[in-house]
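J.: One structure is given below, represented as structure tokens, and several questions about it will come after.
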Amino acid sequence: MTDLKAVLANKILAVIQESRERPTDYLVCVCDDYTTKIMSSCLRVHTINDAGVGAVVNIKFPRESLPSTPVIYLIHPTLENWGILLSDFKTNPKYGYVHLYTTATVGPELMKMLEGSPLLPRLKTFKEVNIDFLAIESRVFSFGRPGVIPSLYFKSVSTAVRSDELRRTADQLSSLCVTLNEYPYIRYVAANPVTSEIARLVDKSLENALRNLKNWKFNPNRGTLLILDRSVDCVAPLMHEYTYQAIINDILPVSGEICKLKSVNAKEERKDDMKNADADAFVLSEDDSLWKDLRHKHIGEALPTVKDMFNQFRTKNAAANLDKDASLKELLKAAKHANSFKAEMQRFTKHMSILENVFDHFDKMGLKKLGELEQDIVTGVTEEGRKTNKNDLMNSLSAIIQDPAVSSTDKLRLIMIYIIAQDGIKEATRKTLFNTAKLNDRNLDAVQNLSHLGITLQTNRRNSNNPLSSATIKKNAALAQASKLTLMRFVPLLAELLDGIVTGNLDRNTYPYLKEPPEAEQGSRGASAAKSARAKPASGAAKASKWRNKGADGNFDGDSSNNVPAAMKQIVFIAGGVTFSEMRRVYEIANTTGVEFLVGSTSTITPSQFLDDMSSAHSAVADIEINLE
């Protein structure tokens with residue numbers, strides 16, 4: 001399996017090794033905000049230090065002068081960064097020899113600024129490295145650009161701003177493909193200007209890479225890059241998802257890998273507690289094997305998993321003895337007092353604390369009743385598999401949006417889900433819902449701006465039939481009856497698309513190729529993907545190759561004739577944000593089928609972030625004016 005974190009780490013470590021003239025040399029590494037995030041997404045400080053970097057510093061802050069120390073500049077080529085770089089050597093040089101690496105192509109304006117600069121005599125290396133992305137998980141990449149939905153879709157945004165956004169996205173996608181040594185066949189959403197333009201720009205960029213990067217060799221098992229955007233599924237970022245990683249990022253204060261909780265017994269912490277300096281900070285990363293085991297589990301499964309693992313630990317350590325039927329609070333208390341096993345107990349304490357907070361919020365926010373209604377609305381069937389009745393749905397919806405215990409945000413999410421699922425509602429119904437829920441102007445903007453993503457807000461249909469087809473209702477009923485987990489009947493559209501890739505049945509009219517694969521490959525790409533994924537090297541060889549040295553151009557050192565062709569990769573990109581429920585589906589389908597799936601986006605997106613995007617001040621005059629009078 002391709003581990004994006006390992007691939008990106010290899011690339012950065014190769015840059016460091018290439019810059020060291022002697023094994024005893026220690027360098028300073030100067031980064032900007034963005035490249036600091038790139039490094040921290042795949043490397044820990046001790047690994048960077050062991051590789052020969054004594055300190056990583058930010059270019060925008062005052063820095064100590066070390067005129068005899070060699071330096072690596074790893075920066076994104078912006079006018080601001082370039083100006084600071086040149087000023088570091090304008091009078092008294094801040095460092096010794098310079099190894100300059102940029103994450104993107106340096107434009108002619110910046111190149112001209114180098115002419116005659118005092119930096120030039122000290123410049124030993126000047127290269128573009130294709131690491132213009134973050135590896136946030138082993139199968140998930142991000143471009144570190146949240147909040148792009150208004151720039152991509154809202155009519156008030158200028159053509160120039162939208163073009164810059166699309167071009168930046170395509171450049172980053174191309175950088176990812178070059179780093180992975182992939183030259184994929186590109187597919188996009190038909191009649192979708194965002195995905196079709198990104199597809200065209202990526203193809204052009206990869207053609208340039210093939211022409212200009214002399215040492216770049218792509219994987220002969222060419223996979224697929226499927227380019228989607230957030231408009232293909234607007235329900236997924238609004239739904240409450242009850243798996244561990246998703247619900248933590250939805251209802252608890254999380255920023256990146258850090259979850260902050262005021263205390264185990266706190267009752268009021270939510271997103272704003274990230275600002276609380278006294279809160280306990282918990283790191284949620286793939287370095288924690290328990291996190292990897294739990295993150296995609298339903299919270300109803302995560303809790304007994306932690307309890308079972310703790311009880312197994314208890315049986316092996318008398319000092320941690322506790323009744324096997326102990327409550328979560330008792331388990332947490334025991335874990336905190338097991339001082340003699342402190343290192344081993346920290347991970348239990350972390351997840352027990354988080355789970356207690358999750359279940360406290362679950363009860364306090366009334367998520368069971370809210371979640372059941374969400375699932376009924378979007379699937380068209382009840383938990384028992386019976387077809388829903390529109391009057392019953394409306395009665396339940398009205399009751400929840402009148403409940404003072406339900407937050408205004410959850411009321412807004414529920415109304416937006418209902419409008420999308422119903423393919424628009426009547427004007428009178430909309431006014432009633434908005435007034436009953438007491439939505440403010442910002443909430444109304446969020447609903448109104450759904451129209452920019454192709455959502456129908458208003459309908460004049462006379463019949464009240466469910467807009468879902470009978471075939472969809474039948475399929476959802478079967479899923480509901482087969483599901484062993486509560487509140488998990490909704491399936492994001494991405495899951496169906498992944499299945500289509502695996503089987504080779506992804507509709508070619510809806511998701512056309514930018515350039516058709518050769519005839520010999522047509523019709524068998526799904527089977528080929530699964531087959532190539534199963535052709536894995538022995539585990540020992542896989543482990544040995546994980547961290548082997550790579551050149552800065554991304555190619556492995558050594559005789560390429562000994563390299564087994566990599567498995568066919570299936571890369572899925574979603575412009576505008578990927579949800580944690582979609583990320584989970586990628587792992588599940590990849591693990592089930594053996595297909596080498598990778599997924600990424602301009603950023604990850606939570607429900608609150610989606611609402612922020614949709615209520616952005618960039619909103620234009622909507623196609624449908626919302627009037628509550």
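No value in this document is a laboratory result; all are computed from the given coordinates. What you see is a predicted model; the values in this text were computed from it and never measured. Backbone-built Cβ (ideal geometry, glycine too); neighbour counts: all protein chains shown.
J.: Packing-wise, with mean Cβ within 10 Å as the measure, how do 92-102, 593-603 rank, highest first?
T.: Going from most to least packed, we get 593-603, 92-102.
J.: In sequence order, what are the phi-derived ³J(HN,Hα) couplings for region 401-409 according to the Karplus relation 6.51 cos²θ - 1.76 cosθ + 1.60 with θ = phi - 60°, rounded to whole Hz, with x for glycine and proline?
T.: Result, ordered by residue: 6, 8, 6, x, 6, 8, 5, 5, 5 Hz.
J.: Out of every Cα-Cα pair in region 4-129, what percent are more than 25 Å apart?
T.: In whole percent, the long-distance tail amounts to 18.
J.: Sequence-distant or interchain residues sharing an amide H contact under 5 Å with Glu128, placed H: which?
T.: Sorted by chain and number, the residues that satisfy this are Thr102.
J.: When every alpha-carbon pair in region 364-459 is counted, what percent end up more than 21 Å apart?
T.: Looking at region 364-459, the distances longer than 21 Å represent 28 percent of pairs.
J.: Oh, and also: Quick check: the distance between the Cα centres of region 227-241 and region 109-129, to the nearest angstrom?
T.: Spelled out, the Cα-based centre of one part sits 44 Å from the other.
J.: What are the ³J(HN,Hα) values, in whole Hz, obtained from phi via the Karplus relation 6.51 cos²θ - 1.76 cosθ + 1.60 with θ = phi - 60°, for each residue of region 47-57 in sequence order, with x given for Gly and Pro?
T.: Coupling constants for region 47-57: 5, 5, 4, 4, 7, x, 9, x, 7, 10, 10 Hz.
J.: How big is the Cα convex hull of region 129-205 in projection, averaged over all directions, in nm²?
T.: If I average the Cα hull's projected area over directions, I get 5.8 nm².
J.: Have a look at the DSSP beta bridges in region 4-129 and tell me what percent are antiparallel, nearest 5.
T.: Bridges in region 4-129 that DSSP calls antiparallel: roughly 0 percent.
J.: Something else about it: Would you work out the Kirkwood radius for region 1-65? I mean one over the mean of 1/r across all pairs of different Cα atoms, in Å.
T.: For region 1-65, inverting the mean 1/r across all distinct Cα pairs yields 12.5 Å.
J.: Please list, in chain and number order, the residues 5+ apart from Tyr188 or on another chain whose amide H is under 5 Å from its amide H, with Hs placed from the backbone.
T.: Hits under the 5 Å cutoff: Ile227, Leu514.
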